[in-house]
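*Asks:* Following this message is one structure expressed as structure tokens.
The values are calculated or read from the model by the stated rules, or taken from the named source; none is laboratory data. Since this is a predicted model, take the numbers as computed values, not measurements. All Cβ positions, even for glycine, are placed from backbone atoms using ideal geometry, and neighbour counts span all protein chains on display. Surface areas here come from the heavy atoms of the whole protein model, side chains and all, with no ligands, DNA or RNA. Shrake-Rupley method; radii C 1.70, N 1.55, O 1.52, S 1.80 Å.
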Amino acid sequence: MGTILKGMSRVRWHELTHAYGSAEEVPGRLSRVAWGDALTSASALSDLGLWLGELSVFDATAEAVPFLWDLAVTDSVASRSGVVQLLLTILEQANPPRLDVQYAAHRAVLDGRTLAARLAGDGDVAVQALAQNLVAAIDNHVCEACRPT
């Protein structure tokens, strides 16, 4: 699959779930975001938003976040700003079916802090603005699932 989305085929997507059931279609949507034209990329990203972060976070969300980071930092991806927005949405999501799943999804976003900082200086103004918001959200993140015990 090239340098972006490397390792995606090693994830057992069919065993994971998203908001509407099996996550087996997530890799196809990630690929469409990566290599699709603007319309295809935006449509696939819309599906991913609904499946992985807008309603709640799921086990597939935590597995997808590293690939979302790949997409966010790849200049050839048509909808990078939407990807950054989805990462922010996932971090802000506090309606998990399970706290351990929320923790894993949030941790995956938090672990990309250096990438977010890099994107905060991006040449695309939309990516830059959203990345600045994401950096602030990462730096100020506090939630029940992520609170130290």
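*Asks:* For the list (1) out of contact with any Asp or Glu (no Cβ under 9 Å at 6 or more places or on another chain); (2) open to solvent by 10 Å² or more (accessible area, probe 1.4 Å); (3) small (Gly, Ala, Ser), I need the number of the one condition that residue 81 fails.
*Replies:* Here residue 81 meets the rest and fails (1).
*Asks:* Name the single residue, out of those in segment 87-132 being in a loop (DSSP other than H, G, I, E, B) and within 16 Å of residue 67 (Cβ to Cβ), that is most open to solvent (accessible area, probe 1.4 Å).
*Replies:* Result: 111.
*Asks:* If you don't mind, there's one more thing I want to ask. Considering only residues that are touching a Pro at 6+ places or on another chain (Cβ under 9 Å) and open to solvent by 30 Å² or more (accessible area, probe 1.4 Å), which ones fall in segment 18-58?
*Replies:* 58
*Asks:* Regarding segment 26-36, can at least one residue be identified that is of a type in the set (Val, Ile, Thr), part of a loop (DSSP other than H, G, I, E, B) and modelled with pLDDT of 95 or more?
*Replies:* no
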